Amino acid sequence: MRRRSDELGEAGKGFAVVAAEVRKLVERSQLAAGEITALSGSSVEVAERAGRLIVEIIPDIKSTAHLVQEIAASSNEQNTGVEQINDALNQLDQIIQQNATASEQLSSMAEELSSQAESMKDTVGFFIVRSS
């Protein structure tokens, strides 16, 4: 090709330069195509691996979802139990308050009865005949 470009003169030199650039462009295109092919193959491998991993973890995800449902049901049962205990404690508190009120009333009555007994004792003592 060089001989031919020598024969053609200036036009031949320009053709040789263009031909060299075209060769470089073809080489770069081939390298780029090789890289694209390698990257495409790598991407396909990554996608296939990701697909396999997803298939592998689906049973674990389902199992976890089932466990979460069981935990939620248990939490609801515990909440119901806590509410029942709270109601029972409120009732117990009311009973304790009623007992405290009743105890205060009984204490007041006992003091009143004690006072009345003391008064009766004094009254009865007035009528007791003493022997000399």
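The values are calculated or read from the model by the stated rules, or taken from the named source; none is laboratory data. All of these numbers come straight from a predicted model, not from anything done at the bench. We place every Cβ from the backbone using ideal geometry, glycine too, and count neighbours over all the protein chains shown.
Key figures
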{"item": "Hits in region 1-23 (condition: exposed (fewer than 10 other Cβ atoms within 10 Å of the Cβ) and either acidic (Asp, Glu) or at pLDDT 90 or above (or both))", "result": "Glu7, Glu10"}
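One line per residue, one yes/no per condition, for (1) in contact with a Pro (Cβ under 7 Å, 6 or more places away or on another chain); (2) part of a helix (DSSP H, G or I); (3) surrounded by 10 or more Cβ atoms within 10 Å (Cβ to Cβ); (4) among the charged types (D, E, K, R):
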residue	(1), (2), (3), (4)
Leu31	no, yes, yes, no
Gly34	no, yes, yes, no
Ala38	no, yes, yes, no
Gly41	no, yes, yes, no
Val46	no, yes, yes, no
Glu56	no, yes, no, yes
Pro59	no, yes, no, no
His66	no, yes, yes, no
Ser75	no, yes, yes, no
